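Here the structure is laid out as C-alpha cells; the discussion comes afterwards.
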Amino acid sequence: MGSNGHQTNCNGGRKGSVTFSSKPGGTPPDPTPEDPCPTTPEGCLEKYLSCRWVVVYLCVLVYIIQVMLQNCLAMVLVCMESNYIEPPTSDNDNRIHWNGTNNSSAVGETSMWNIRLVGDVRSQLLTAEFYAFPLTPLIGGYLSGKFSAKRVIILIALVMTASSALTPFVLTFNPYIAIGLRLLVGLSAGGLQSSMTELLSKWAPLKERAQIVSTATAGILVGFLLNTSTSGFICTIPEHNGWPFIMYIFSGCNFLVLIPWILLVYDTPFEHPRIEASEIKRIRHRRRDSTVAKMPRPPWLHILRSGPFWGLLTTHMGYNFIATTTGTFLPIYLNDVLKLDVTQTGLASSLPPLARIISSLGGGHLSDFLISRGKLSTTAVRKIFVATGNIVSVPFLIGLSYMDGSQASYAVLLLVLFWFIQALNTCSIRVNQIDIAPRFAGVLTGMSGTMAYVFALMSPIVTFQLTKNRTKEEWQVMFFICSGISVFCALVFLVLGSGTEQSWAKDPNFNIEMSVDDILAVPLENKSSEVVVANSSTLSKHGLPGEDGLQSNGQPPELGLSRRAEKEFDHVVKKEIPTSSKGVQVNIIGFSITEDAETVCSEDCQESRGIINNGFAACEEDLTTSPTESIKL
C-alpha cells in the first residue's frame, strides 16, 4: 500500500491510474521493460512450449533445410565425381560428359546417372545462385511486410524444393537448364532472412528479441554443418550413383517442414487460433501497436538519412566480409598454412561454426537478461555486444596470423576463440532492425543484407589476389585487413548505433507506448453503472457509434469483436464506475481500470492528462501532458 492508501499497480502508477507515454512528437524513453509485474510469471517449460517459441523452432527448421538446399550442390558435384565410373572406350559416345563445349546425351546400357561436369559448366553451376542471391533480400522483406511473411516463406520453400528436386534429372541431359534452376534457388533464398525477420518482429516480446532471433538464425549455421555430414552419408547410396538422392532427400525434407509451418505459424499472434490471452499480453508488453499493422510505404529517404541504420549496415557488411574470408576459405588456410590433412581439415573446419552457434544462443539470452533487469538500456546492450564481438576478438585473429604448421593445435584454438567472441555481435546486428524500426524490420534486413552480401563478394577477389602463393605471410596480411574492418565497424556502431525505435519508423496514429493493461472504459448510462472495458485499439479498428460513444438507448456500443479481436484486445470485462465520470474527456490511448474506479475518470483529469514517469503517467491534478486523441464519455 502507498502512503495515500492506494496500491501500486503493474504500470508503476497507483491502482486505477491512467497510463500514458511520452509527449506527442517527443523522443520516447529507451524501451527497457522494467515493470515489476507485467504478467503472470512464466515457467521455463511454459515459455519454451509456448506458441511464440513453436514459431521459432519452425523458423530454425526452415533455415536448416533451406540452407542445406542452397549449399548442397558442391557436395553433389563431389559425390558425382567420386562415384563416376569411366565407361569403356567403345561406350564413350553413350556417356554424358560435359566440358562446356560438347554434349552427347545418348544413353546406353550404363546408368544415365553416371555423369560428371567439367570446365566452365561446373563453375557456372556453382556460382549461379550467388549472383542471384543479392537481388531479392529487399523484395522479400518488402512483400513480407506488405502482405504476409508466412506466405512469402512458403513460396520461397516451394520454389527451392521444386528447383532442387528437378536439378538431378535436368543435369543428365542439359546442365545449362540446371544453371537456370540454380538461379531460381538463389533468387528465392535471397528473400528468406528478411522475411524471417519480418515474421519474428511480430512474435518477439521486448524481453526476448535477441534470444528469439539468435535461436532462429542459429539454424543457418546448423544447416551448414549438417549439409556436409549428411551429404557424405547419402552419397554412399548405391542407386543412381548416390548423388541425386542428396537433392531428393533435402527437397523432401523441405516439403515436409512446410506441413507444420502451414498449420502452426501465423503472421501475428493475434491470428493464432490457439494462443492464450496471457501470451498475447506478454508479447505485447510495452510494444507499440504499430508493430502489428501491415507495413505502409517505407520512408526510403528517412531510412537512408538515418544514423542508426548506417551504423547497423556498416557492422553487417563488415561481419559478412569477415565471415566469408575466415569461413569460405578456412579449409584452404588450414591445408596450405597449417598443413592439416583432409580429415583434420574437416574436423577443424567444423569447430568455428559450433562456437558461433553456442555464442549466439548464449549471447542472445544474456542480452535479453541484461535488458530485462532494467540496469542497461537496449541501446547500451546492443553497443556492448558489437564492441565485444568486433574488438575483443581481434587479438585472437592477429595471434592466429603468426601461427604455422608446428603450432596447428594452438592456431585452431585461437580460431575457435575468435569466432566464439566475434559471433556475439550477431546478438545485435540480427535483431537491431526490429529495435529501430519494427514496422519495417523486413525491409531494413533486406537493405542491409543486400549491401552486406555484395560487400562480401569482394572477399574472394581480395583473398585470391593477396594469397596467390598461399604463404603464412600472405594470410597474415589478410587477417590484419579483417581485424581493421572489424574494429572500424565497431567504432561506427558505437557512434551511430541505437536500440530505440526511430521517429520515422513510428505510426503517427499510435504516438504512444502501450502498457500491458491498455484499455478503454465506456459507461452505460448517466447513472452509476458498469462499464465495458476493452483494449483501446478496438476503437481505431472497429469505431464507436455516436458522438458520445453511446448508442441511442444509452447502452454501450456493440464492438462486435471477432475471435481474433478478442484475443488482440485481451478480453471484455465489466467494472463499476461512478456517475461523475459522465462527460469526462478520456484519452483513446486508454487506462487501467480497477475497483478504485473513482480515480480513473475523476473530473480532475478533464483538463490535465499525464506526466512522464518511466514511460507512463498517473492521473493527477497537476499533470500537463495533452493527449493526441480523445473521446467524450
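Tabulated data
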{"item": "Inter-residue pairs, beta-carbon under 8 Å, first surrounded by fewer than 16 Cβ atoms within 10 Å (Cβ to Cβ) and in the range 396-414, second β-branched (Val, Ile, Thr), 6+ apart", "result": "ASP404/VAL337; GLY405/VAL337"}
{"item": "Among the residues listed as LEU256, LEU263, LEU226, LEU206, the single one being aliphatic (A, V, I, L, M) and surrounded by 19 or more Cβ atoms within 10 Å (Cβ to Cβ)", "result": "LEU206"}
{"item": "Leading residue by the ranking (farthest from PRO438 (Cα to Cα)) among those in the range 112-156 that are small (Gly, Ala, Ser) and without any contact (Cβ under 8 Å) to a residue 24 or more places away in the chain", "result": "GLY119"}
{"item": "One residue from THR379, THR426, THR388 being surrounded by 17 or more Cβ atoms within 10 Å (Cβ to Cβ), under 25 Å from PHE130 (Cα atoms) and not assigned by TED's automatic domain parsing to the domain that holds VAL222", "result": "THR426"}
{"item": "Residues located in the range 367-388, provided they are without any contact (Cβ under 8 Å) to a residue 24 or more places away in the chain and either closer than 12 Å to ASN425 by Cα or in a helix (DSSP H, G or I) (or both)", "result": "PHE369, LEU370, ILE384"}
{"item": "Meets criteria (part of a helix (DSSP H, G or I), touching a residue at least 60 places away in the same chain (Cβ under 8 Å) and buried (at least 21 other Cβ atoms within 10 Å of the Cβ)) for TYR248", "result": "no"}
{"item": "Any hit, the range 137-153, residues being surrounded by fewer than 20 Cβ atoms within 10 Å (Cβ to Cβ) and over 18 Å from VAL265 (Cα atoms)", "result": "yes"}
{"item": "Boolean, ILE280 is farther than 25 Å from PHE440 by Cβ and in a helix (DSSP H, G or I)", "result": "no"}
{"item": "Identity of the residue in the range 154-178, among the β-branched types (Val, Ile, Thr) and crowded, with 20+ Cβ neighbours inside 10 Å, that ends up nearest to PHE440 (Cα to Cα)", "result": "ILE156"}
{"item": "Count of the range 430-458 residues which are aromatic (Phe, Trp, Tyr) and more than 19 Å from ALA189 (Cβ to Cβ)", "result": "1"}
{"item": "Residue within the range 347-358 that is at pLDDT below 95 and either touching a strand residue (DSSP E or B) at 6+ places or on another chain (Cβ under 7 Å) or among the aromatic types (Phe, Trp, Tyr) (or both) present", "result": "no"}
{"item": "Among the residues listed as THR197, THR230, the single one being of a type in the set (Val, Ile, Thr) and touching a Gly at 6+ places or on another chain (Cβ under 7 Å)", "result": "THR197"}
{"item": "Every residue from the range 293-309 that is under 18 Å from the mean Cα position of the chain (by Cα) and either of a type in the set (A, V, I, L, M, F, W, C) or not in a loop (DSSP other than H, G, I, E, B) (or both)", "result": "ALA293, MET295, PRO308, PHE309"}
{"item": "Number of the condition not met by GLY374 [criteria: (1) at pLDDT 85 or above; (2) farther than 24 Å from TYR319 by Cα; (3) within 25 Å of the chain's Cα centre (by Cα)]", "result": "(1)"}
{"item": "Of the criteria (1) out of contact with any Leu (no Cβ under 9 Å at 6 or more places or on another chain); (2) within 23 Å of LEU491 (Cβ to Cβ); (3) crowded, with 24+ Cβ neighbours inside 10 Å, which one VAL454 fails", "result": "(3)"}
{"item": "Odd one out for ASN114, checked against (1) within 22 Å of VAL56 (Cα to Cα); (2) of a type in the set (S, T, N, Q); (3) not in a helix (DSSP H, G or I)", "result": "(1)"}
{"item": "Filtered residues of the range 378-392 (kept if over 14 Å from GLY363 (Cβ atoms) and among the β-branched types (Val, Ile, Thr))", "result": "THR378, THR379, ILE391"}
{"item": "Filter result for the condition that a residue is within 25 Å of MET478 (Cβ to Cβ) and β-branched (Val, Ile, Thr), over ILE322, ILE303", "result": "ILE322"}
{"item": "Per-region count, the range 279-293, residues modelled with pLDDT under 70 and surrounded by fewer than 20 Cβ atoms within 10 Å (Cβ to Cβ)", "result": "1"}
{"item": "One residue from LEU225, LEU263 being modelled with pLDDT of 90 or more and of a type outside the set (Asp, Glu)", "result": "LEU263"}
{"item": "Subset tally (residues that are of a type in the set (Val, Ile, Thr) and buried (at least 22 other Cβ atoms within 10 Å of the Cβ)) for the range 179-189", "result": "1"}
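For every residue, the table says whether it meets (1) modelled with pLDDT under 65; (2) in a loop (DSSP other than H, G, I, E, B); (3) over 30 Å from SER448 (Cα atoms).
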| residue | (1), (2), (3) |
| --- | --- |
| GLU81 | no, no, yes |
| PRO87 | no, yes, yes |
| SER90 | yes, no, yes |
| GLY100 | yes, yes, yes |
| THR110 | yes, yes, yes |
| GLN124 | no, no, no |
| ALA128 | no, no, no |
| PRO134 | no, no, no |
| LEU138 | no, no, no |
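Yes/no per residue for (1) under 28 Å from LEU400 (Cβ atoms); (2) among the β-branched types (Val, Ile, Thr); (3) outside any loop (DSSP other than H, G, I, E, B):
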| site | (1), (2), (3) |
| --- | --- |
| LEU444 | no, no, yes |
| VAL454 | yes, yes, yes |
| ILE481 | yes, yes, yes |
| CYS489 | yes, no, yes |
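The values are calculated or read from the model by the stated rules, or taken from the named source; none is laboratory data. Because the structure is a prediction, the values reported are computed rather than measured. Please note: Cβ atoms are built from the backbone with ideal geometry, for glycine as well, and neighbour counts cover all protein chains shown.
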